[in-house]
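Student: Take this structure first; my questions come after.
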């Protein structure tokens, strides 16, 4: 099989990465930084460029789970092959997630949730660990041991991630005051969205909004810093008097949303009523209810007192019986919240993108906003991206309503970046 020679327009590369395109001297290349920096695109470009020039290489591309690969880097490689005009010349198995280039070089995509299949792969020339912060350090070291193809030169390990908590293994390994890596065989490159000329205007506007509303998250997500999280989860709010009826009259883009979290003996049953404006990224919390020992009949009566029986009320989906009983009583539009993996943090990070105004009469939700914090890691004394399970009964109801509206309005949750939203 002959080498594959193609001409690639230099304009497809971001300038910051160009010095590293054909530099293979380092065994480890660490690419980290903010969302939208183009690092995953460049690593894809570099591997393809390297492999098209050198037949019969084999690259293992890994993430924590196999499912996460299909819609991320596997898709990225297919798009680059199409962009470079050689997609039809390649053998692409979408089921097994393998790609064979015209010259016999290939790529295998595997999740570390299937370790036995990884053990059976031999002759690996290069490895790419995408979203490396998802992995355990032991997993990473075991992968590196497998990179021992003596038939090929320039064997490399590519590592890419967005910085998260300093408690993750990547921080002490490469960024602490006394890191443990070998600088003689390691290249480390930090990039942000400012280095990516391909960012679209909507994305840039989202980041600009984030900078104003949540500076701490902007430093971590957009600038790619290992910044410590603030103790408080929500700092993007203020107390302000307003007339919610007048707000709804002023703009068609504003709608009322409602959420409930169920409780009984120890926890409050809550109702949070808000007005949301997707166009301006503003939310006004105008009414609340916090009460223990409420039966479903009590809840229905309370809904009537707050004038929301006919509204779409989004509730804790862990109590389908209560939801059904309230529906039969007359709350025809009541529904359960959509939940899933990381739904709490995803919802929090969605809400952090809005400016929130809380009416002075809503004292209970204000108390929660003042006390709802991230968990502190006992070993590092750093706050990690996990919320405490306190001061959140009203805020959970609020989160249900905002997330449901976002899904209802757009068909998906509007996040800055689908991959990280979470700083896991």
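Every read-out reported here was derived from the displayed coordinates using simple, explicitly stated rules and does not represent laboratory data. Model, not experiment: these values are computed from the prediction. Glycine also receives a Cβ, built like all others from the backbone with ideal geometry; neighbour counts cover every protein chain displayed.
Student: Counting alpha carbon pairs within less than 8 Å and at least 6 residues apart, what relative contact order, in whole percent, applies to the chain?
Tutor: 16 percent
Student: I would also like to ask the following. Rounded to the nearest 5, what % of DSSP beta bridges with both residues in region 202-410 are antiparallel?
Tutor: Values: 20 of 32 bridges.
Among the beta bridges of region 202-410, antiparallel pairing accounts for roughly 60 percent.
Student: Follow-up question, since we're still on this one. By count of other Cβ within 10 Å, fewest leading, how are 24, 286 ordered?
Tutor: Sorted ascending by nearby Cβ count, the order is 24, 286.
Student: Could you check what % of the DSSP bridge pairs in region 10-198 are antiparallel, to the nearest 5?
Tutor: Numbers: 6 of 31 bridges.
Antiparallel: roughly 20 percent of the beta bridges in region 10-198.
Student: Using only Cα atoms, find the angle between the long axis of helix 393-410 and the longest principal axis of the chain, and express it within 0 to 90 degrees, rounded to the nearest 10.
Tutor: That works out to roughly 60 degrees.
Student: Over its Cα atoms, what ratio of radius of gyration to 2.2 N^0.38 Å does region 70-209 give?
Tutor: 1.21
Student: Okay, moving on. Which of 121, 257, 276 moves most in a GNM of the chain, Cα contacts under 10 Å?
Tutor: Judging by the Gaussian network model, the answer is 121.
Student: For n ≥ 4 DSSP H runs only, could you compute -39500 (n - 2.57) per run for the chain, divide by its residues and tell me the 222 nm figure to the nearest 500?
Tutor: Values: 14 runs with 131 residues, N = 424.
Value at 222 nm, helices only, nearest 500: -9000 deg cm²/dmol.
Student: Looking at the chain, send over the antiparallel percent of its DSSP beta bridges, to the nearest 5.
Tutor: Percent antiparallel among DSSP bridges in the chain is about 40.
Student: For region 244-259 and region 21-77, compute the distance between their C-alpha centroids and round to whole Å.
Tutor: One Cα centre to the other: 46 Å.
Student: Right, next: Pairs of alpha-carbon atoms within less than 8 angstrom and 6+ residues apart define the contacts here; what relative contact order does region 202-410 have, in percent?
Tutor: Dividing the mean separation by the residue count of region 202-410 yields 27 percent.
Student: Next question, about the same structure. To the nearest 10 degrees, how steeply does helix 296-305 sit against the main Cα axis of the chain, on a 0 to 90 scale?
Tutor: 80 degrees
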